[in-house]
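Working notes for the structure below.
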Amino acid sequence: MFETENKNTLSTYKLGLEYALEQDRNDELKSYRNQFHIPKDAGGNELIYMTGNSLGLQPKATKSYINQELEDWANLGVEGHLEAKNPWLPYHEFLTESMAKVVGAKPIEVIVMNTLTANLHFMMVSFYQPTKTRYKILIESDAFPSDKYAVESQLRHHGIDDKEGLILWKPRKGEELLNYEDLEAILETHGDEIALIMIGGVNYYTGQFFDLKRITKLGHQYGCKVGFDCAHGAGNVALNLHDSGADFAVWCTYKYLNSGPGSLAGCFVHERHAYNKNLNRFTGWWSHNKQTRFNMRDEFDQLPGAEGWQLSNPPILSMAAIKASLDMFNEVGIEKLIEKSKKLTVYFEFLLNQLGENVISIITPKNPKERGCQLSIQVKNANKTLHNKLTEAGVISDWREPDVIRCAPTPLYNSFEDVYGLVEKLKAILNE
Ligand SMILES: *Cc1c(COP(=O)(O)O)cnc(C)c1O
């Protein structure tokens, strides 16, 4: 048994549907579920949606936010840049403050732009500056494939062999989670060869939420730049990006931030780099001083802060979907969300534990401070048939070969009843 600050210990939970329903009745955030479209089966019954870590559900308000921009475009044409209800020219600024709160940063450190992997590359243009002796990149061995491909291609771009230049932080034999002592040992040996440490803030597979501050401090001590991919962290855990001291971070908005498939991504650049005009970067007209941007002839004049990494005028329809979501996050507050999230996931863990250790094991850390809402469940002797049966039973979850189901009960729209229903269905299938 472990201790948590808000007494979400496993022993405070009870079995049975009635208990789940009671938790839902007492849930301060219960009204938010109603503000989302919950996918239904052919018979019109709501599905148990556990994949907010892959694609968040659509807020009912999103349509009207997008319609507003369609209408302004229809009625105003190009004048909408200045005359729209939410003028398009500064539209990204309407997102900055709420997004900064979600990731624990200062507004000057945050920008919504591009897509996630693109932002990762743009950040590496600035923060991966290899020299003859310091040229390696350290990532976690189970990094999200896109991140690994991006990092390898950056190595090749600089003429470095992508095997020789890549250092992997691996779990110990027979384990799934990463260990800080092992990272310290890598840095002790290779610290002066490593130009960049780039870690997934919450690992997509295990759900392990890393101590960003600890990793950053360690990396900086050895002279490395440190960045995080927070795709599985933003809207899910308290990232405190500013305090972490990280040089940069990137994340998408279509997972926990419910902004629609392929929507724009977020980017954080620490305040200490805000006014550094010597930092190498790729630029476009949107990186240029807003006051003189449209003079079109000026010498380049760098915008300070994260905004200065923008290239293009952004897709407003997608930004409208992000605004719909962030307005909701702003109203609830990330602290309240995380509080409910912890309750929901500890309850989930409590129910799963009843299935027995010889049937399942949870590979996600047991300490709620070291994870978000996701639990990655390893099922003994399972194959994809199990996942297919769960889908047939009305559960949308995520299967990772060879034997792991990832489920992410999100605090905005998932209920205790969802979690109860999921475990009951899993139990029924396992007992077949
Ligand atoms: C979801 C995810 C991606 C996806 O990248 P896109 O550029 O948005 O397609 C990349 N990295 C991580 C860690 C992710 O979780």
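Structural remarks
- Where helices (runs of 4 or more DSSP H) fall entirely within segment 58-148, those with at least 1 residues that are within 16 Å of the ligand (Cβ to nearest atom) and open to solvent by less than 10 Å² (accessible area, probe 1.4 Å) are at 93-103, 116-127.
- Flag if Ser341 is outside any helix (DSSP H, G or I), out of contact with any Leu (no Cβ under 8 Å at 6 or more places or on another chain) and assigned by TED's automatic domain parsing to the domain that holds Ile48: no
- For Leu279, the conditions (1) open to solvent by less than 10 Å² (accessible area, probe 1.4 Å); (2) more than 21 Å from Gln208 (Cα to Cα); (3) hydrophobic (A, V, I, L, M, F, W, C); (4) more than 12 Å from the ligand (Cβ to nearest atom) all hold with the exception of (1).
- Filtering segment 202-245 to residues that are within 16 Å of the ligand (Cβ to nearest atom), open to solvent by 20 Å² or more (accessible area, probe 1.4 Å) and touching a His at 6+ places or on another chain (Cβ under 9 Å) leaves Tyr204, Phe209.
- Matching residues, segment 251-265, being more than 10 Å from the ligand (Cβ to nearest atom) and among the charged types (D, E, K, R): none
- Pairs where the first residue, in segment 416-432, is open to solvent by less than 20 Å² (accessible area, probe 1.4 Å) and the second is among the polar types (S, T, N, Q), C-beta under 6 Å, 6+ apart: Phe416/Gln23
- Per the conditions (1) over 30 Å from Asp398 (Cα atoms); (2) in contact with a Cys (Cβ under 7 Å, 6 or more places away or on another chain); (3) among the hydrophobic types (A, V, I, L, M, F, W, C), the sole criterion not satisfied by Met50 is (1).
- When Asn330 is tested against (1) open to solvent by less than 10 Å² (accessible area, probe 1.4 Å); (2) assigned to a helix (DSSP H, G or I); (3) under 28 Å from Thr410 (Cβ atoms), exactly one condition is not met: (1).
- Within segment 150-188, tally of residues that are among the charged types (D, E, K, R) and assigned to a helix (DSSP H, G or I): 6
- Among the residues of segment 362-383, those that are surrounded by 12 or more Cβ atoms within 10 Å (Cβ to Cβ) and more than 24 Å from the chain's Cα centre (by Cα) comprise Val379, Lys380, Ala382, Asn383.
The values are calculated or read from the model by the stated rules, or taken from the named source; none is laboratory data. Because the structure is a prediction, the values reported are computed rather than measured. Cβ: placed from backbone, ideal geometry, glycine included. Neighbour counts: every protein chain shown. Accessible surface is based on the protein model in full, side chains and every heavy atom, while ligands, DNA and RNA are left aside. Shrake-Rupley method; radii C 1.70, N 1.55, O 1.52, S 1.80 Å.
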